[in-house]
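Report on the following structure.
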Amino acid sequence: MSASLADSIPPPGARLALPVACYRLHFIAQEAVRLPAYAGSAWRGVFGRALRRLVCVTREPACPACLLYRSCIYPYLFETPPDPAAGKLRKYPAAPHPYVLRPGAGGAHPAGATVQVDMVLFGQSNRHLPYVLHAFDQAGQRGVGQGDGRLELAQVAQQTPAGDWRPIYRPGESLQPSPPIAPEPPPCPARLTLVVQTPLRLRQAEKLLGPDAFQVGALFANLVRRISLLTTFHADAPLTADFAELSRAGWTLQPRNTRLRWHEWVRYSSRQDALLQMGGLVGEIELDGAGLEPFWPYLWLGQWTHAGKGAVMGLGGYRIERA
């Protein structure tokens, strides 16, 4: 390992400075609700429209030209503008969105059924939790999915560090969330398996990587870049690691074994009025812990941030199983 790499990485067991909070919204179907098989895009669409209706006071057709562009909650969450004084970060037309949606089961839900969606908020976006919940409440009342089936928000729970869910809000009661915390990774194991649960879309040379072309370096480069930008734009303490060097070092890693397949998913884009192909890799990636220590904090945190294209809709989600 080079000296520059060793000097720029978090030590084993260290926390990356990106606070995270996971919220679970419980809705009760007021009538039959039909959601897509994977509902991440549908939830993001209704949430965005409801939030814009809730907070937009100028009714400008586009956010960048609006006087309130850099102080309004809607562009912060959906068109996150970079700080104009952020030096080299000005090359990014928008910062990564500070949340990830994790939809519950798709398909048909009869009246009276419970419908769930999880929301992961990063860093400073947790300050806007009341607006987020109110927008979801309004979205449910207007209707979600095919036929715009109406939902009523019944409860919101927050995940504890132990993995349990603690109720923090019911309609008519006060909101009582816990502060977000930076997930602390356990010691790096000798062996581990990444179980990729939702389509992982990684690009290299402008092409999506299929099962035969998958490389661990592509995953690490994407994770390190994503977490670095999320921390820079949405956390109070910027990441000081040399993520360019760390990304380059990731290409030297080889998986112990991969069991990946391509899972196709098609979503409808109302903005483009077209069906979009959103397939990606699902399956398992086995890794040895030897040499993995510099990347371990990022790999652990990636369980919350997800990786690849479409992460904000819940794509690229994985869990880590330690041998």
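The values are calculated or read from the model by the stated rules, or taken from the named source; none is laboratory data. Note that the coordinates shown come from a computational prediction; the quantities given were computed from them, not determined experimentally. Neighbour counts run over all protein chains shown; Cβ positions are idealised from the backbone, glycine included.
Does segment 248-269 include one or more residues that are touching a strand residue (DSSP E or B) at 6+ places or on another chain (Cβ under 8 Å), at pLDDT 85 or above and either within 23 Å of PHE78 (Cβ to Cβ) or part of a helix (DSSP H, G or I) (or both)?
Looking through segment 248-269, none of the residues is touching a strand residue (DSSP E or B) at 6+ places or on another chain (Cβ under 8 Å), at pLDDT 85 or above and either within 23 Å of PHE78 (Cβ to Cβ) or part of a helix (DSSP H, G or I) (or both).
Which condition number does CYS188 fail, the rest of (1) surrounded by 13 or more Cβ atoms within 10 Å (Cβ to Cβ); (2) in a loop (DSSP other than H, G, I, E, B); (3) within 18 Å of the chain's Cα centre (by Cα) being met?
Failing condition for CYS188: (3).
Take the conditions closer than 30 Å to GLN254 by Cα, in the same structural domain as VAL224 (by TED's automatic domain parsing), exposed (fewer than 13 other Cβ atoms within 10 Å of the Cβ) and more than 16 Å from the chain's Cα centre (by Cα) and apply them to PRO211. Does it pass?
No: the conditions fail for PRO211.
For residues that are among the hydroxyl-bearing types (Ser, Thr, Tyr) and surrounded by 14 or more Cβ atoms within 10 Å (Cβ to Cβ), scanning just segment 43-78, find the one that is nearest to the chain's Cα centre (by Cα).
From segment 43-78, those among the hydroxyl-bearing types (Ser, Thr, Tyr) are 58, 69, 71, 74, 76; that's our starting set.
Keeping just the survivors that are surrounded by 14 or more Cβ atoms within 10 Å (Cβ to Cβ) gives 69, 74, 76.
Numbers: TYR69: 23, TYR74: 17, TYR76: 15 Å.
Residue satisfying both the conditions and the ranking: TYR76.
Assess whether GLN146 counts as being surrounded by fewer than 19 Cβ atoms within 10 Å (Cβ to Cβ), under 15 Å from ARG44 (Cα atoms) and at pLDDT 95 or above.
No.
If you go through segment 149-170, how many residues are part of a loop (DSSP other than H, G, I, E, B) and at pLDDT 95 or above? Outline the logic, then answer.
First, pick out the residues of segment 149-170 that are part of a loop (DSSP other than H, G, I, E, B): 150, 160-164, 170.
Narrowing the set further to residues that are at pLDDT 95 or above leaves 150, 160, 164, 170.
The number of residues fulfilling the criteria is 4.
Could you grab me the full set of residues in segment 119-148 that are farther than 15 Å from HIS26 by Cα and assigned to a helix (DSSP H, G or I)?
Result: GLY123, GLN124, SER125, ASN126, ARG127, HIS128, LEU129, PRO130, TYR131, ARG142.
Could you list all residues from segment 101-159 that are of a type in the set (Asp, Glu) and farther than 30 Å from ALA17 by Cα?
Passing the criteria: ASP137, ASP148, GLU152.
Let me spell it out: the conditions are (1) under 16 Å from PHE295 (Cβ atoms); (2) touching a Pro at 6+ places or on another chain (Cβ under 8 Å), and PRO179 meets all of them except one. Which number is the exception?
All conditions pass for PRO179, except number (1).
Could you check how many residues of segment 78-93 are within 19 Å of GLY308 (Cβ to Cβ) and either touching a Lys or Arg at 6+ places or on another chain (Cβ under 9 Å) or modelled with pLDDT of 65 or more (or both)?
So the count comes out to 1.
In segment 131-152, is there at least one residue being within 26 Å of LEU229 (Cβ to Cβ) and of a type outside the set (A, V, I, L, M, F, W, C)?
yes
Which condition from (1) surrounded by fewer than 21 Cβ atoms within 10 Å (Cβ to Cβ); (2) outside any loop (DSSP other than H, G, I, E, B) is the one that ARG226 breaks?
With respect to (1) surrounded by fewer than 21 Cβ atoms within 10 Å (Cβ to Cβ); (2) outside any loop (DSSP other than H, G, I, E, B), ARG226 is out only on (1).
Please enumerate the residues belonging to segment 280-322 that are of a type in the set (Gly, Ala, Ser), outside any strand (DSSP E or B) and either modelled with pLDDT of 95 or more or surrounded by 21 or more Cβ atoms within 10 Å (Cβ to Cβ) (or both).
Hits for segment 280-322 are GLY302, ALA307, GLY308, GLY310, ALA311, GLY314, GLY316, GLY317.
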